[in-house]
Every structure is written in structure tokens, then in C-alpha cells.
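Colleague: Take a look at this one; I'll ask things after.
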């Protein structure tokens, strides 16, 4: 299998939450992403992941229902339709995290997967929804109900696991068992809460499941909430747990790495975790009352 070139974008908020309308902020965020997407195309990136709810602020620091209006249908909303044309133009697989409206009052933290020809392959909905200080996600998102889909793209089998999901090892294993070779983990996480876990959890999950992971995070402070500083540090990690490239903690950046999918077979045949796993012995792992 050929080596693929993969990319991640990390970005700070564009616009002013207090003076700009939500629609204006969405327009500014989309416009700010386009030069980095075009740079990725110039570098030959074949698959590119954007950050969690990439075109709006991390609104879960608030309890303001005005942000419900920023949710869009997937795939029929304007953002995903636009990104389909971008994917087609550049011949690039795109993973596009977005605030999704299923119907009025029912919203998900989702990510659309678009193939290199612009075709919409499907979506993942964030499964685990936190509700702790500064992260009031249950006010904005319903828990995902689509399981752990894996999408056959032009570059290989792609899965998605969003932000807080990464703390739950069961989903990584589900994605790997469903055939994922590369899993994108778009995030919005701040210093002091989980930055000490940032380069532990994803490498450990890559090793445990014999997969590549691309983890990206927002950067900077988001006024007026200023609940914490997003620290970027986006990176790819291989099935050996080695970080291949990593972004800064404070700049808008495109992070690019070459991924050799042949390593998946090599690592799995060395460690044989899938051969040696014992689902019959894990009696409480799926027990709701455990």
C-alpha cells in the first residue's frame, strides 16, 4: 500500500462573539480555513481533518440558545455542500466536524466524511457528551446514535472519534474492529484540564488498536467566555505510538505527515492484540449497571 499524505488544521476563533452575528463568524471561520486547505492541496495532502465544530466558537462555555441557529443539516446544509465542492476541486478526502441539526431542538456534534471526488460518505456523531465546568455540552448536543462507522475512502478506511470520546477506550476498539486504519480525533480542549493527557491517550490508543490517529485542537482564547486557552499541539501518531509531527500551541497551522499503512499489519502481527483479546472474560464492560 502506498504511503499517504495526511493533514490536520488547527485554528483560533475569527470574529467577535459579542459584536458579530453567528452567521458572520461562520463566514469568517470558513474564509480563514480556505488558504490552509489550498496549502494542503499544494503539498499533496490526500486526506485532511478539520477541528471540532470547525466553523463556530466552542459555544459550550455558554448556555446561550442563539447558537442553536448555527446548526445545519448534514449533508444538505450549505457548509457540507460547499466542502464537497472543495474536496472535488482538490481531489482530497475531507473530515468536516460541524454542528448538526437533525430537526428543531435535536442537535449533534458531528463530522461529515467527504471522499476525494466530493461524494458524501456519511457522518459520525459524538457519542460521549460531557457536562462539567466550562463544558456544558449536554445543553447543545444529544449523544450520538450512529455507532462507530468506518468509511472506505480514496485513501483508505477512515473513522472519527470526537474530543471527549477519546477518554473512552471502548470506542477506539470498536473503530478498529470495524476496520479503521486512520481515525481523526477533532477536539476543543484547554490548558490545565487535559493537556497532560494529550500526548498520552491517543498514542496509547494507537498502540492498543494498531491504527494511525490524527488529533487536532483549537488554539487561543475565545472571548467573552475565556474559560481556558486552547493549546493546539495537533499531531499524527502511528501504530507504534510514535508522534510523527506536531503543531505549535498557539498558531493557526497546517500539520502534515506521511502515513505508511503497511505499518498496521506489521504492528498487529508483532503484538497480536486482536488475537489475544478475550471478550468472553470482560463480563462488566458493556453492563449498564457496572
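Colleague: Can you give the angle from 0 to 90° between the axis of helix 198-209 and the longest principal axis of the chain, with both taken from C-alpha atoms, to the nearest 10?
Modeller: 40 degrees
Colleague: Principal axis lengths of region 157-290 from Cα atoms, whole Å, largest first?
Modeller: Principal extents (largest minus smallest coordinate, Cα): 50, 41, 22 Å.
Colleague: Now a separate question. Pairs of Cα atoms under 8 Å, at least six residues apart: use those to get the relative contact order of region 4-276, whole percent.
Modeller: 20 percent
Colleague: Please give the contour-minus-distance gain from residue 88 to residue 221: 0.36 nm per residue of separation, less the Cα-Cα distance, rounded to one decimal in nm.
Modeller: Here the segment from residue 88 to residue 221 would lengthen by 44.6 nm.
Colleague: Testing the spin-label approximation: label points 7 Å from Cα along Cα→Cβ at residue 258 and residue 133. State their distance in nm.
Modeller: Distance between label points: 4.7 nm.
Colleague: Still on this structure, I have one more. Taking springs between alpha-carbon atoms closer than 10 angstrom, which of 65, 130, 57 fluctuates most in the Gaussian network model of the chain?
Modeller: Checking each option, the largest mean-square fluctuation is seen for 65.
Colleague: How compact is the chain by the rule of thumb for globular proteins, expressed as Cα Rg over 2.2 N^0.38 Å?
Modeller: 0.95
Colleague: Calculate, for residue 280 and residue 242, the FRET efficiency according to 1/(1 + (r/R0)^6) with r their C-beta to C-beta distance and R0 41 Å; round to the nearest 0.05.
Modeller: 0.80
Colleague: Another question about this same structure. In degrees between 0 and 90, to the nearest 10, how far off the longest principal axis of the chain does helix 262-271 point, with axes built from Cα atoms?
Modeller: For helix 262-271, the angle is close to 50 degrees.
Colleague: How tilted is helix 78-90 with respect to the longest principal axis of the chain? Cα atoms for both, answer in degrees (0 to 90, nearest 10).
Modeller: 60 degrees
Colleague: Further question: Per DSSP H run of n ≥ 4, the term is -39500 (n - 2.57); total these for the chain, divide by its residue number, and report the mean residue ellipticity at 222 nm rounded to 500 deg cm²/dmol.
Modeller: Only helices count here, giving -7500 deg cm²/dmol.
Colleague: Give the share of C-alpha pairs in each 5 angstrom bin for region 115-226, from 0 to the last occupied bin, in whole percents, shortest bins first.
Modeller: 2, 11, 21, 22, 19, 14, 8, 3, 0
Colleague: With a/c under 1.5 counting as rounded, go ahead and sort region 211-290 into rounded, prolate or oblate using the C-alpha gyration tensor (a ≥ b ≥ c being the square roots of the eigenvalues; past the cut-off, prolate if a/b is larger than b/c, else oblate).
Modeller: oblate
Colleague: Say R0 is 35 Å: what FRET efficiency, to the nearest 0.05, do residue 265 and residue 28 get from their beta-carbon distance?
Modeller: E(calc), rounded to 0.05, equals 0.20.
Colleague: With each label point set 7 Å from Cα along the Cα-Cβ vector, what nm distance links residue 68 and residue 103?
Modeller: 1.4 nm
Colleague: Right, another one. In µm²/s, what is D for region 97-172 at 20 °C and 1.002 mPa s, where D = kT/(6 pi eta Rh) by Stokes-Einstein and Rh is the Kirkwood radius from Cα pairs?
Modeller: Translational D for this selection: 161 µm²/s.
Colleague: Continuing with the same structure: Quick one: the Cα spread of region 27-149 along its three principal axes, in angstroms, biggest first?
Modeller: For region 27-149, the Cα spread along each principal axis is 41, 28, 22 Å.
Colleague: Quote to one decimal, in nm, the extra length available between residue 177 and residue 21 on full extension: 0.36 nm per residue of separation minus the C-alpha distance between them.
Modeller: 51.9 nm
Colleague: Oh, and also: Apply 1/(1 + (r/R0)^6) to the Cβ-Cβ distance of residue 199 and residue 273, taking R0 = 22 Å, and write down the FRET efficiency to the nearest 0.05.
Modeller: Efficiency, rounded to the nearest 0.05: 0.55.
Each reported figure results from applying straightforward, stated rules to the coordinates on display, with no laboratory input. Bear in mind that the values here come from a model prediction, so they are computed numbers and not experimental data. Note that each Cβ is placed from the backbone with ideal geometry, even for glycine, and that neighbours are counted across all protein chains shown.
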